[in-house]
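Take a look at the structure set out below.
The values are calculated or read from the model by the stated rules, or taken from the named source; none is laboratory data. Because the structure is predicted, anything quoted here is derived from the model rather than measured. With ideal geometry, Cβ positions are generated from the backbone for all residues, glycine too; neighbour counts draw on all protein chains shown. Note: areas computed on protein heavy atoms with side chains; ligands, DNA, RNA excluded. Shrake-Rupley method; radii C 1.70, N 1.55, O 1.52, S 1.80 Å.
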Amino acid sequence: MTAPIRIGLVGNPNVGKTTLFNALTGARQHVGNWPGVTVERKSGELTHQGVAIEVIDLPGIYSLTAYSVDEQVSRDFLLDERSDIIVQVVDATNLERNLYLSTQLAELGVPLLLAVNMADLAEEQGDCLDYGRFAGLFGLPAVRTVGSTGEGLAELLDEVVAVSRAGRPPRVPMEYPAESEAAIAGLVAVIERDPALARRHPPRWTAVRLLEGDEHVLASIAGSPVAPAVKEQLAGVDAIENEARFADLRYSTIADLLPRVHTTCARRTSPSDLIDRVVTDRYLGIPIFLAFMWGAFELTFAASAPFGTLIELVFGWLGEQVRGAIADPWLASLVGDGAVGGVGSVLVFVPSIFILLLVLSVLEDSGYMARAAFIMDRLMHAIGLPGKSFIPMLVGFGCNVAGIMATRTIEDPKDRLIAILLNPFMSCGARLPVFVLFAGVFFTAHAGTVVFFLYVLGIVVAIVAAKLLRATVLPGSSAPFIMEMPPYRLPSARTTLLHMWSRSSMYLKKATGVILIGSLVVWFLASFPVGVEYGSEASLAGLIGHALEPLVAPLGFDWRVTIALIFGFVAKEVVIGSLGVLYGAGNDPGALAGALAADGALSAPVALSLMVFVLLYTPCLAALATIRKETGSWRWTGFSVVFGLSIAWVLSFVVYRIGRIVLGGA
Amino acid sequence: MRSVTTRSVAALLGVLFGGFGVVQAGLGLALFTLPEAWAFVLPPSLLDGYVLAVIGALFLTGARVFPSDEETGVAYTYVAAVFACAYGLLSLLVLLAGAADLLIAGGEEVPALVESIGPALYLAVLVLPTYLAVGKRFRQEV
């Protein structure tokens, strides 16, 4: 039986690695048209020519020197775990920069194959590539691929099998200056005295990295018996100078060889360049971005309405069936009011979440979101954050957990910590149902505008909070922003829908999991002790709500809202489910809106205050767990909770008081 | 489309979109009012007016840069036309979704539905020929 092959899929950020990975393995990993979408390694399997192949998709790297957490994931895999073959995905429209990594990978001594991806785009802009000459000149076989359409995948897999069977390491014709070659030879002789160290990586590669001052390699030889001799060899070596000199050498080697495989048949200004002149306009860039966002919210509200109404009707019918089918009043209440009512009142808002995430996916996949990060860079710098941190904030609009994970692309630990602490202020999809419900009931004609301004408020609060953190607990200046602009692409329906589904399906899962459990717990609290009126002030829910009410009374919240907010710590959708149960809206989600409108304790100022509180306090337990994991600190996790709650309380108080003056009401 | 024509059309559309946008946003902010009959032509909306004003600014920038940099002028006019058509399409979707909602839920809120036929929709129809002509020119430029 043929031995299985393990492929490490590497390359610069945003060259289409995950698109190729999905096409090869049939996986549905999230792809996006901006650098830094993949922050963790992903694994998938396939069979080709009867050979089992495992593909490991790795975060993008520009070189083997890792600066950020996601880059470390790739580097650790390449150096410590290794694979039978490395497939480097290179962007056909930007070969020179991509091949820099190839020159480093080639020295690792692992069979290497180039997947020259997005070849269609290169050809459109007038580039001609001679794939057959890559192997002769660079010692690297190359295959033309277009990940989005699947072109060249069969040929790529044929080459994977052939190259890994041959087991020949690549041979990039690169010679270091004589003085450096002497230093490399000296170090190789020392390294080879420790067989374990010599087996770990090719001694020549280790020597080159040591001369470049690679801290990871320096740390890895610390326990070796030859470590003192290596240090002696390195005494007096200027690592920074070497790194710069070697980088120049690699680029000049590429520059010498590239014209032999690449010719520009007819260079034209690309459509992306021309569109960028407009959407990144110094004065109109930000207004265009805001207009896009407003369009997204307007569409979300309008297009989701008929679907929401349909779900409402279906759950109304379902409720009638439940009532008719269960004779026992307790059980009928548990299933009808607790389960169907709680879950149904949340499902009504699922269309809004799906449509908002669909629109955001289209904007991401088209490449526009990378421009949004670019145009926001000046503003981000003004508040002490790199423009790069705007991308996790945008991702946070979909889900804070994903947004917090996306901060892995930020190199500076302080910048990253601030970006993590700010992400909960970005209004995730789970908060949208609360906004849709309360804005719909209390600001009927202007519901879309109110929700839009809530999202803007989240961004404004994040900006002010960043400034505050920079001025107090996390002082310093932000790192400069360098980001590659991906070309605009017409998003493919499949990718966009998959992208939307991967993000929004979690709400459906939550509806049958945590929301169902939360709704049943609230039903229990609203029904006991035995004999009390369901959901009344004498119930357990009423007693708990009343005990905590003084804390939130200045914000205009009564005991029911208090209980719903407590359950909102678990997940924001539970706020709606809890209110549905507490207001006895039962299995008719539309009845909750009516019950809220009829409640004298609620008014437009209270609704505004509540929406601001929901926007700013802790998003959910999953987000807290992610903050703990990413910061590695309970202290910062606790800080995030207290910080969010404090800001939420103060702003809700201000909004409520001003709202009462301007809008009147309770 | 010839350069002078493209420039003139961009300027005209810029004034139209900008004018309608400023008036609609002003109505949304209740800075002034129009006779009730105008509600069907220019319903008050701060943010819809804002979007129209941004599109108008893009058209006007295109017209302004045309003499010095034709390629960039075409790019501004093209992006503005795409934006205008996309926003018109969005307005149409909003209208259709409202109609579908009425159909499912029942009710007689037809006037509210008619009010959602804002300038974004009919100005988009006006832009469509420009989009087609400038689109052709844009593709030629690149």
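I'm checking my understanding of the structure. Among residues of region A:297-315 that are touching a residue at least 40 places away in the same chain (Cβ under 8 Å) and more than 10 Å from chain B (Cβ to nearest Cβ), which one is farthest from A:GLY448 (Cα to Cα)?
The extreme case among them is A:PHE315.
Going by the structure shown, is A:ALA198 within 30 Å of A:VAL51 (Cα to Cα), open to solvent by 20 Å² or more (accessible area, probe 1.4 Å), at pLDDT 85 or above and hydrophobic (A, V, I, L, M, F, W, C)?
no
Just checking, which of A:ALA591, A:ALA648 is in contact with a helix residue (DSSP H, G or I) (Cβ under 7 Å, 6 or more places away or on another chain), without any contact (Cβ under 8 Å) to a residue 60 or more places away in the chain and either surrounded by 21 or more Cβ atoms within 10 Å (Cβ to Cβ) or closer than 30 Å to A:VAL532 by Cα (or both)?
Checking each option against the conditions leaves just A:ALA648.
How many residues, within region B:36-57, are more than 10 Å from chain A (Cβ to nearest Cβ) and assigned to a helix (DSSP H, G or I)?
Counting residues in region B:36-57 that are more than 10 Å from chain A (Cβ to nearest Cβ) and assigned to a helix (DSSP H, G or I) gives 7.
Table: residues versus (1) open to solvent by 10 Å² or more (accessible area, probe 1.4 Å); (2) modelled with pLDDT of 90 or more.
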{"site": "A:ARG6", "(1), (2)": "yes, yes"}
{"site": "A:THR18", "(1), (2)": "yes, no"}
{"site": "A:VAL39", "(1), (2)": "yes, no"}
{"site": "A:SER74", "(1), (2)": "no, no"}
{"site": "A:PHE77", "(1), (2)": "no, no"}
{"site": "A:GLU81", "(1), (2)": "yes, no"}
{"site": "A:ILE85", "(1), (2)": "no, yes"}
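Does any residue of region A:316-335 turn out to be at pLDDT below 80, part of a helix (DSSP H, G or I) and either within 14 Å of chain B (Cβ to nearest Cβ) or in contact with a Pro (Cβ under 8 Å, 6 or more places away or on another chain) (or both)?
yes
So which of A:VAL69, A:VAL90 ends up being modelled with pLDDT under 90 and either within 26 Å of A:LEU358 (Cβ to Cβ) or in contact with a helix residue (DSSP H, G or I) (Cβ under 8 Å, 6 or more places away or on another chain) (or both)?
Exactly one residue qualifies, and that residue is A:VAL69.
Condition (residue is open to solvent by 20 Å² or more (accessible area, probe 1.4 Å), more than 22 Å from A:MET500 (Cα to Cα), assigned to a loop (DSSP other than H, G, I, E, B) and within 11 Å of another protein chain (Cβ to nearest Cβ)) applied to region A:283-296: is it met by at least one residue?
yes
Would you check if A:ALA406 is open to solvent by less than 10 Å² (accessible area, probe 1.4 Å), assigned to a helix (DSSP H, G or I) and more than 30 Å from A:GLY308 (Cα to Cα)?
Answer is no for this residue.
Are any residues in region B:89-108 more than 8 Å from chain A (Cβ to nearest Cβ) and buried (at least 21 other Cβ atoms within 10 Å of the Cβ), and if so, which ones?
B:SER91
Kindly check whether there is at least one residue in region A:268-282 that is within 8 Å of chain B (Cβ to nearest Cβ), outside any loop (DSSP other than H, G, I, E, B) and touching a Leu at 6+ places or on another chain (Cβ under 9 Å).
Yes.
Restricting attention to region A:559-573, does a residue exist that is in contact with a Phe, Trp or Tyr (Cβ under 8 Å, 6 or more places away or on another chain), of a type outside the set (Lys, Arg) and farther than 20 Å from A:TYR455 by Cα?
No - not one qualifying residue is present in region A:559-573.
Looking at B:PRO67 and the list (1) part of a helix (DSSP H, G or I); (2) modelled with pLDDT of 85 or more, which single condition is not satisfied?
(1) is the only condition that B:PRO67 fails.
Which residues, taken from region B:73-88, are more than 9 Å from chain A (Cβ to nearest Cβ) and not β-branched (Val, Ile, Thr)?
B:GLY73, B:ALA81, B:ALA84, B:CYS85, B:GLY88
Restricting to helices (runs of 4 or more DSSP H) lying wholly in region A:559-666: which have 1 or more residues that are over 30 Å from A:ILE410 (Cα atoms)?
Result: A:559-567, A:573-582, A:589-598, A:604-616, A:634-663.
Do you know which residues across region B:61-72 are open to solvent by 10 Å² or more (accessible area, probe 1.4 Å) and at the interface with chain A (Cβ under 10 Å from one of its Cβ atoms)?
Correct list: B:THR61, B:VAL65, B:ASP69, B:GLU71, B:THR72.
Can you tell which of A:ALA122, A:ALA135 is small (Gly, Ala, Ser) and open to solvent by less than 10 Å² (accessible area, probe 1.4 Å)?
Exactly one residue qualifies, and that residue is A:ALA122.
Mind listing just one residue for me: the one in region A:626-638 that is surrounded by fewer than 17 Cβ atoms within 10 Å (Cβ to Cβ) and in contact with a helix residue (DSSP H, G or I) (Cβ under 8 Å, 6 or more places away or on another chain) and, of those, farthest from A:ARG416 (Cα to Cα)?
A:TRP634
Give A:GLY659, A:GLY632, A:GLY638, A:GLY600 a once-over and let me know the one that is in contact (Cβ under 8 Å) with a residue 12 or more places away in the chain and either closer than 12 Å to A:LEU555 by Cα or within 23 Å of the chain's Cα centre (by Cα) (or both).
Sole residue among the options that is in contact (Cβ under 8 Å) with a residue 12 or more places away in the chain and either closer than 12 Å to A:LEU555 by Cα or within 23 Å of the chain's Cα centre (by Cα) (or both): A:GLY659.
Restricting the search to region A:80-134, which residues are among the charged types (D, E, K, R) and over 23 Å from A:SER164 (Cα atoms)?
Of everything in region A:80-134, those that are among the charged types (D, E, K, R) and over 23 Å from A:SER164 (Cα atoms) turn out to be A:GLU96, A:ARG97, A:ASP120, A:GLU123, A:GLU124, A:ASP127.
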